[in-house]
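For reference, the structure discussed in these notes is given below.
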Amino acid sequence: MAAHVQPQDLGFFSTLASSGSLRAAARELGVTTAAVSKRLALMESRLATPLVVRTTRRMSLTPEGELYLEHARRILGELEDLEEMLGAAKAVPRGRLRVSATLGFGRAHVAPVISRFVRLHPDVQVQLQLSVDPPPLTDDTWDVVVRFGAPPDARVVATKLATNRRLLCASPLYLAKHGTPKVPSDLARHNCIGIRQGEEAYGVWRLSRARGRQASFESVKIRGALTTNDGEIAVNWALDGHGILMRAEWDIDRYLKSGRLVQVLPQYQTPEADIYAVYPQRHQRSARVRAFVELLAQSFSRQAAGRV
């Protein structure tokens, strides 16, 4: 009797689920949409259960499909880890490396590191996915997630890549026209540019005169005419003189140095936003993950030294 679950179907279904549609999966696999549809139908026939709900443009997984995907990705990951452990003596990074990062930071700082990484390790195939917010820690779709802030979960490994501060800033044009805030409460009378990202409360900025355990934060409810979920757009609005912005130092350092932006309330501190590489504990012995995280740390360390 034919096996209901066939090993070659695991990678196929993982790619299908990640692609989001039959047509996109066909492009990824280099076959026709009809071939993808036929193979999926054969899988469902063998399993005697539907895995995917199809629509004209999109698809979604059934509960059985979600279960199949969860186990398929775990098995595929364990096979890759086993292959690397068996060849650990050679310590040659190889295989697929799935990286997630936020939009602007990933584009400016992570993508160039990946470019150098694949030159150093041509046997690794890297998939970079940029999104507004980091994926949930329970999402095993990614091998390495580059994120701001240490994750509150001991089940993953978090390697600190660089120290990072959030700074308040505005263009000289805006400050000349509207004045410069002297204390945090002054921000409530200014046009502040809002960013809807991550899990932090939107529209509230927290500032303190001290750092660490001595920090006592003052919360300020901000207002403004402009809001976005894209940090790069927010920075451009600040450059155009539309208001005061709170943004990571790594994203605005070059504008502060050139004078296009001016730091506001520099005597006050904001919550830290250190940069971390996060990956599952089972990847600690993965040569490709270790090599990539090490290169990230080296690259970010050089960039941080150049900003001092």
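Quick notes
- Evaluating 6.51 cos²θ - 1.76 cosθ + 1.60 at θ = phi - 60° for every residue in the stretch 28-35, the Karplus couplings come out as 5, 8, x, 10, 7, 4, 4, 5 Hz, glycine and proline recorded as x.
- Residue among 286, 256, 268 farthest towards the positive dipole end of the stretch 248-308, charges placed on Cβ: 286
- Modelled FRET efficiency - R0 45 Å, residue 285 with residue 178, Cβ distances, 0.05 increments: 0.25
- Heavy atoms of residue 54 accessible to a 1.4 Å probe, total area in Å² rounded to 10: 100 Å²
- For the chain: rounded, prolate or oblate by the Cα gyration tensor [a/c cutoff 1.5]: prolate
- Inter-label distance for residue 295 and residue 123, nm, one decimal - labels placed 7 Å from Cα along Cα-to-Cβ: 1.5 nm
- Accessible surface of the chain, 1.4 Å probe, proportion on carbon and sulfur as whole %: 53 percent
- Charged neighbours of residue 104, selected by a Cβ distance under 12 Å, balance to -1 (K, R count +1; D, E count -1).
- Residues whose amide H lies under 5 Å from that of residue 192, counting only those 5 or more places away or on a different chain, are 223, 224, 225, 244; hydrogens are built 1.01 Å from N in the peptide plane.
- Helical mean residue ellipticity (222 nm; -39500 (n - 2.57) per DSSP H run of 4+; nearest 500) of the chain: -12000 deg cm²/dmol
- Per residue accessible area in Å² of the chain, where ligands, DNA and RNA are left out and the probe is 1.4 Å: 54 Å²
- On the beta carbon distance between residue 18 and residue 254, with R0 = 41 Å, the FRET formula returns roughly 0.75.
- When the alpha carbon gyration tensor of the stretch 259-305 is reduced to an equivalent ellipsoid, its three semi-axes come out at 33, 14, 7 angstrom, largest first.
- Distance (nanometres) between label positions extended 7 Å along Cα→Cβ at residue 186 and residue 47: 6.1 nm
- Residue order for 107, 247, 209, 290 - accessible surface, 1.4 angstrom probe, largest first: 209, 107, 290, 247
- By definition, a body whose alpha carbon gyration tensor gives a ≥ b ≥ c is prolate when a/c is 1.5 or more and a/b is larger than b/c, and the stretch 221-299 fits this prolate description.
- Springs join every pair of Cα atoms under 10 Å in this Gaussian network model of the chain, and among 49, 163, 180 the largest mean-square fluctuation is at 49.
- Anisotropy class of the stretch 92-133 from Cα gyration tensor, a/c 1.5 cut: oblate
- Most simply put, the chain has about 65% antiparallel DSSP beta bridges, counting only bridges with both residues inside it.
The values are calculated or read from the model by the stated rules, or taken from the named source; none is laboratory data. Bear in mind that the values here come from a model prediction, so they are computed numbers and not experimental data. Cβ coordinates were reconstructed from backbone atoms using ideal geometry, including for glycine residues, and neighbour counts include every protein chain displayed. Surface accessibility is based on the protein's heavy atoms, side chains included, excluding ligands, DNA and RNA. Shrake-Rupley method; radii C 1.70, N 1.55, O 1.52, S 1.80 Å.
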